[in-house]
Amino acid sequence: MFSGSIPALLTPFRDGAVDEKAFRALVDWQIEEGSTGLVPCGTTGESATMTIEEHNRVIALCVEQAAGRVPVIAGCGSNDTRIALEHMVAAQAAGADAALVVAPYYNKPNQEGVYQHFAWLAKRCDLPIILYNVPSRTITDIGVPVIQRLVEEYDTIVGIKDATGNLGRVTAQRLAAGEDFCQMSGNDETALGFNAMGGVGCISVTANVAPRLVAEFQAATLNGDWELALALQDRLYPLHDAMFCDTSPGPVKYALTRVRPDMPDEVRLPITPPSGPARATIDRALEIAGLV
C-alpha cells in the first residue's frame with residue numbers, strides 16, 4: 001500500500017500566499033529523488049494556518065503535479081470532525097489516494113471521543129484513512145484498543161503515522177490491528193528501530209531537504225540491508241535532530257533554502273524563522289550529511 005520515504009511536504013509561501021510554482025517544483029524534485037509518496041497539508045505544511053480554500057488547493061496541486069507517479073496522502077485533520085470530513089471529501093474529489101487524519105487536538109477528547117471522531121469520518125467518506133498519532137502536539141493519544149476497534153469495524157482505516165516516539169507501540173499495534181495494518185513512523189530519528197520492529201516507512205520531515213538520502217535509507221531497511229541503513233542513519237541523524245532545534249517548520253524551510261535557493265523560507269505566524277544559533281546547528285548538520 002504505502003511504504004518507504006514519504007515527505008510531509010512543507011508549503012512554500014511567498015509574500016503571504018502559496019507559491020504554486022515553487023510547490024510544483026518541490027513535488028517534481030521529491031519524486032525525481034526517490035520519494036515513494038507525498039503528504040501535503042500536514043503539520044510541516046503549516047495546515048493549521050491555511051484557509052480551507054488554500055488547504056484544498058494545495059492538495060489538488062499536489063495530486064495534479066504528482067500525476068499518478070506516487071501516491072498522495074492528503075492531510076485532512078482538524079479538531080472539528082465536520083471540517084475533517086470536508087477536507088476528506090475535497091481530497092477524494094481531487095484524486096488523493098488516502099487521508100492523513102490527526103487525533104483531535106485542543107478539545108482533549110476521551111478515548112470514546114477519539115473513536116467516535118474516526119468512526120464518524122469512516123462512515124461518511126470511503127477514502128482510506130491513515131491515523132496520525134502525535135500526542136506531543138495534540139495532547140490526545142489514539143490508544144491501541146481504539147486502533148483495534150476501528151480496524152475491526154472499518155475497512156478504510158488502513159494505517160497509522162505513529163509519532164509517539166514509543167517503539168513498543170509498533171508491536172502492540174501490529175498484534176492489535178494485524179500485519180497488513182500499514183505502520184509508518186512520524187519521527188525520522190527513530191525510523192531505523194521502527195522499521196526493524198515491523199514498520200514499513202516514514203512520513204518524513206527530513207526528506208524535504210534530503211529526499212534521496214532518506215529514500216535510500218528507507219529502501220535499505222525494507223531490503224534488510226541493516227549495515228547500509230545504520231551508516232545512512234549516522235549520516236542523517238544530526239539533520240533529523242536539527243529539524244527540531246527550533247519550532248518546526250522554521251528549520252526545515254531554512255534548510256531547504258540552503259539546498260534549493262529557489263525555494264522561499266517564509267513561514268506564517270505564530271511560527272517564526274529559526275534563531276541564529278538554530279541556523280548554525282542546521283548548517284553543521286547539512287555539512288555532515290554532505291548536502292552543502
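If the viscosity is 1.306 mPa s and the temperature 10 °C, what translational diffusion coefficient in µm²/s does Stokes-Einstein give for the chain when Rh comes from Kirkwood over Cα pairs? Here the translational diffusion coefficient equals 85 µm²/s.
Considering only 214, 39, 114, the mean-square fluctuation computed in a Gaussian network model of the chain, springs between alpha carbons under 10 angstrom, is largest for 114. Taking a straight Cα-Cα cut-off under 27 Å and skipping sequence neighbours fewer than 8 places away in the same chain, the lysines within cross-link reach of residue 108 are 123, 161. Segment residue 292..residue 48, full-extension length gain: 84.7 nm, with 0.36 nm per residue of separation and the alpha-carbon distance subtracted. Since only 194, 117, 238 are under comparison, the one whose Cα sits farthest along the positive direction of the charge dipole of the chain, derived from C-beta charges on Lys, Arg, Asp and Glu, is 117.
Take every DSSP beta bridge whose two residues both sit in the range 4-212; close to 10 percent of them are antiparallel.
Can you list which of the chymotrypsin sites (Phe, Trp or Tyr not before Pro) found in the range 121-222 are DSSP loop residues with at most 10 other C-beta atoms within 10 Å?
Qualifying residues, ordered by number: none.
The charge dipole of the chain, taken about the Cα centre with unit charges on the Cβ atoms of Lys, Arg (+1) and Asp, Glu (-1), comes to about 360 debye, rounded to the nearest 20.
Between residue 15 and residue 284, the FRET efficiency from the beta-carbon distance, with R0 = 25 Å, is close to 0.25.
Tell me, what is the percent relative contact order of the chain, built from C-alpha pairs under 8 Å that lie six or more residues apart?
For the chain, the relative contact order is 18 percent.
Annotation: extensible slack from residue 153 through residue 227 equals 22.6 nm (criterion: 0.36 nm per residue apart, minus Cα-Cα distance). Could you work out which residue, out of 77, 159, 193, moves most in a Gaussian network model of the chain, that is, has the largest mean-square fluctuation with Cα springs under 10 Å? Looking only at 77, 159, 193, the biggest GNM fluctuation is shown by 193. For residue 160, nonlocal amide neighbours, meaning residues 5 or more places apart or on other chains whose placed amide H falls under 5 Å from its own, are 131, 182, 183, 184.
Close amide H contacts of residue 100 (hydrogens built in the peptide plane, cut-off under 5 Å, sequence separation of 5 or more or a different chain): 74, 75, 76, 130. Measuring r between the beta carbons of residue 111 and residue 67 and using R0 = 41 Å, the FRET efficiency lands at 0.55. Converting phi to 3J(HN,Hα) with the Karplus coefficients 6.51, -1.76 and 1.60 and the offset θ = phi - 60°, the range 226-232 yields 6, 5, 5, 4, 5, 5, 5 Hz in sequence order, with x at every glycine or proline.
Rule-based calculations on the coordinates, nothing more; no lab input. Predicted model only: the values in this text are computed from it and were never measured. Neighbour counts are summed over all protein chains in view; Cβ atoms, including those assigned to glycine, are modelled from backbone coordinates with ideal geometry.
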